[in-house]
Amino acid sequence: MGLTMRIVYVNGDYLADTEAKISIFDRGFLFADGVYEVTSVLDGKLIDFTGHCTRLRRSLGELHMSLSLDDDQLLSIHRELVTRNALVEGLIYLQVTRGAADRDFVFPPADTPETVVLFTQEKPLIDSMLAARGQVIRTVEDQRWGRCDIKTVQLLFPSLAKMEAKAQGGDDAWLVRDGFVTEGSSNNAYIVLADGTIVTRDLSHSILSGITRKAVLECARKLQMKIEERPFTVEEALGAVEAFSTSASGFVSPVIEIDGHTIGEGKPGSTARQLREVYIAEMRKAAI
Ligand code: PDD
């Protein structure tokens with residue numbers, strides 16, 4: 001996809017993307033020393049903004065990074081970008097890095113100003129081809145570091161895994177460690193058992209605590225669906241009646257095939273379809 005011109009936010013300024021500048025010494029660039037969030041936008045409004053702010057603060061804290069902007073300021077920047085780019089449906093990407101300093105493995109002094117960048121991305125989220133057709137998944141060994149609970153910008157392995165899945169005819173990769181699925185390349189992974197129980201990996205350092213995951217599990221509880229938060233094997237997934245993933249960019253996305261095995265009837269399942277509908281309706285109501 002080519003770049004479309006837009007107004008972006010860089011360290012206090014709203015600029016045309018072609019005018020935006022970041023130092024080549026930025027630690028995000030040199031060390032992947034930064035964290036990010038992706039918030040979805042529907043009808044020009046932010047979905048679960050509070051959840052994304054809370055997780056951002058946690059990621060920053062785990063990496064001993066500071067941010068001089070409070071949540072209200074972050075909210076106004078998000079809104080300003082929606083307005084300036086006339087964004088109706090899509091995503092807002094936010095990145096905070098430890099700032100620019102001479103290259104050194106030791107962190108720069110704590111008063112080094114952080115780098116804050118935000119930009120919008122137009123994307124059809126409701127009318128998604130993958131949601132309608134269902135995703136084809138390939139499993140790939142999870143070779144990420146041990147702190148996948150922190151939303152860092154070091155995304156090279158997830159990117160390689162997705163390319164590997166695509167090379168094998170898939171849409172996305174599900175990552176596997178010690179025979180158990182951790183999560184998707186950029187989403188959380190779920191299976192549905194014959195008795196309707198939804199199984200998804202429990203929260204730990206092995207996966208990202210998805211903001212969509214939390215909201216979708218709440219929807220499932222309200223719908224009286226049974227939930228088990230525990231690891232599941234690839235073998236168990238292949239025998240599941242349904243599978244799906246969740247993320248801010250995909251909401252609830254059904255899975256129809258894993259490693260060449262058809263899941264259920266090879267079409268989006270009813271649990272995923274119902275959760276997608278209810279999630280979108282609930283989120284639209286609560287959007288700000
Ligand atoms: N990815 N797991 C991983 C590894 C992710 O990168 C993401 C999100 C999720 C789902 O989290 P949430 O529901 O909060 O979006 C789970 C974003 C969308 C991305 O990198 O584009």
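For this structure, a couple of remarks:
- The sole residue among Leu74, Leu46, Leu87 that is closer than 24 Å to Arg147 by Cβ, open to solvent by less than 30 Å² (accessible area, probe 1.4 Å) and touching a helix residue (DSSP H, G or I) at 6+ places or on another chain (Cβ under 8 Å) is Leu74.
- The sole residue among Asp149, Asp142, Asp104 that is more than 15 Å from the ligand (Cβ to nearest atom) and at negative phi is Asp104.
- Cβ-Cβ under 7 Å pairs, at least 6 apart or on other chains, region 37-65 side over 17 Å from Val116 (Cβ atoms), far side at pLDDT 95 or above and of a type in the set (D, E, K, R): Val41/Glu89; Leu42/Glu89; Leu42/Arg284; Asp43/Arg284; Gly51/Lys214
- Within region 226-248, the presence of at least one residue that is open to solvent by 40 Å² or more (accessible area, probe 1.4 Å), assigned to a helix (DSSP H, G or I), more than 15 Å from the ligand (Cβ to nearest atom) and among the aliphatic types (A, V, I, L, M) is confirmed.
- Hits in region 153-171 (condition: crowded, with 19+ Cβ neighbours inside 10 Å and under 26 Å from Phe29 (Cα atoms)): Pro158, Ala161, Lys162
- Scanning region 116-128 for residues that are in contact (Cβ under 8 Å) with a residue 12 or more places away in the chain, outside any strand (DSSP E or B) and of a type outside the set (S, T, N, Q) yields Lys123, Pro124, Leu125, Ile126.
- Filtered residues of region 183-206 (kept if part of a loop (DSSP other than H, G, I, E, B) and buried (at least 19 other Cβ atoms within 10 Å of the Cβ)): Ser185, Ser186, Asn187, Arg201, Ser206
- Top-ranked residue in region 13-23 [being aliphatic (A, V, I, L, M) and without any contact (Cβ under 8 Å) to a residue 60 or more places away in the chain; ranked as surrounded by the fewest Cβ atoms within 10 Å (Cβ to Cβ)]: Ala16
- Scan of region 100-115 for residues that are part of a loop (DSSP other than H, G, I, E, B), open to solvent by 30 Å² or more (accessible area, probe 1.4 Å) and among the small types (Gly, Ala, Ser), ordered by number: Ala110
- Just one of the listed residues (Leu94, Leu81, Leu56) is within 16 Å of the ligand (Cβ to nearest atom), buried (at least 19 other Cβ atoms within 10 Å of the Cβ) and not in a strand (DSSP E or B), namely Leu56.
- Selection from region 21-72 of residues that are in contact with a Leu (Cβ under 7 Å, 6 or more places away or on another chain), β-branched (Val, Ile, Thr) and within 21 Å of Asn11 (Cβ to Cβ): Val35, Val38, Thr39
- Evaluation of Val38 against (1) closer than 17 Å to Ser249 by Cβ; (2) β-branched (Val, Ile, Thr); (3) buried (at least 18 other Cβ atoms within 10 Å of the Cβ) (one fails), failing number: (3)
The values are calculated or read from the model by the stated rules, or taken from the named source; none is laboratory data. What you see is a predicted model; the values in this text were computed from it and never measured. Methodologically, a virtual Cβ is constructed for each residue, glycine included, from the backbone with ideal geometry; neighbour enumeration extends over all protein chains shown. Calculation scope for accessible area: heavy atoms of the full protein, side chains included, ligands and nucleic acids excluded. Shrake-Rupley method; radii C 1.70, N 1.55, O 1.52, S 1.80 Å.
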